[in-house]
Amino acid sequence: REALRADAVAEGLEAGAAREAADALVPVRHEVGDACLLDLGGGRRVLLADVGPGHTGHDLAVLVPGSPNVLFCGDLVEESGEPQAGPDAVPARWPAALDRLLELGGADALYVPGHGAVVDAAFVRAQRDALAARFGVSR
């Protein structure tokens, strides 16, 4: 918590507000290993899948099964601009994380990026290929 508070202050948040925000954090009660089903009630279940590392060291995707499948991708996929990589990114493994997204969602899925409009599998594949070229990763 102290590291988060210090980061928030370094980014310009007032110290008291940073302390309050850090104190409000709830520790993780259930880690997602490879994948787990989450029952939302009413017969609706979603799959939480660890598809990273890539954009971060632990990228989580959420698959909502249906016709079509809907896959929430987080910042692994960005439609509104070039994907951004921070200090915790693992660029050499990002394309493989996108491959796992494509396997999980399928060719007809709707992919919800972390930024921008909903995209299709062709967009995710193109972004995967662009990132592979950008980071010098081959298949």
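The values are calculated or read from the model by the stated rules, or taken from the named source; none is laboratory data. If you're wondering where the values come from, they're calculated on a predicted model, not measured in any experiment. Note that we place each Cβ from the backbone using ideal geometry, even for glycine, and neighbour counts take in every protein chain shown.
In this structure, is L76 touching a residue at least 12 places away in the same chain (Cβ under 8 Å), surrounded by 11 or more Cβ atoms within 10 Å (Cβ to Cβ) and either in a helix (DSSP H, G or I) or β-branched (V, I, T) (or both)? Walk me through how you get there before you give the answer.
Numbers: touching a residue at least 12 places away in the same chain (Cβ under 8 Å): yes; surrounded by 11 or more Cβ atoms within 10 Å (Cβ to Cβ): yes; either in a helix (DSSP H, G or I) or β-branched (V, I, T) (or both): no.
No.
Would you confirm whether any residue within region 42-54 is among the small types (G, A, S), part of a loop (DSSP other than H, G, I, E, B), surrounded by 11 or more Cβ atoms within 10 Å (Cβ to Cβ) and at pLDDT below 90? Before you say what the answer is, go through the steps one by one.
First, pick out the residues of region 42-54 that are among the small types (G, A, S): 42-43, 49, 52, 54.
If we keep only those that are part of a loop (DSSP other than H, G, I, E, B) too, we end up with 42-43, 52, 54.
Filter again for surrounded by 11 or more Cβ atoms within 10 Å (Cβ to Cβ), leaving 52, 54.
Still in the list and also at pLDDT below 90: 52.
Checked against the condition, which is being among the small types (G, A, S), part of a loop (DSSP other than H, G, I, E, B), surrounded by 11 or more Cβ atoms within 10 Å (Cβ to Cβ) and at pLDDT below 90, region 42-54 yields at least one hit.
Can you name every residue in region 10-26 that is assigned to a helix (DSSP H, G or I), over 25 Å from the mean Cα position of the chain (by Cα) and either at positive phi or surrounded by 10 or more Cβ atoms within 10 Å (Cβ to Cβ) (or both)?
A15, A17, R19, E20
Do you know which residues across region 86-139 are buried (at least 17 other Cβ atoms within 10 Å of the Cβ), of a type in the set (G, A, S) and assigned to a helix (DSSP H, G or I)?
Those that are buried (at least 17 other Cβ atoms within 10 Å of the Cβ), of a type in the set (G, A, S) and assigned to a helix (DSSP H, G or I): A96, A97, G105, A121, A132.
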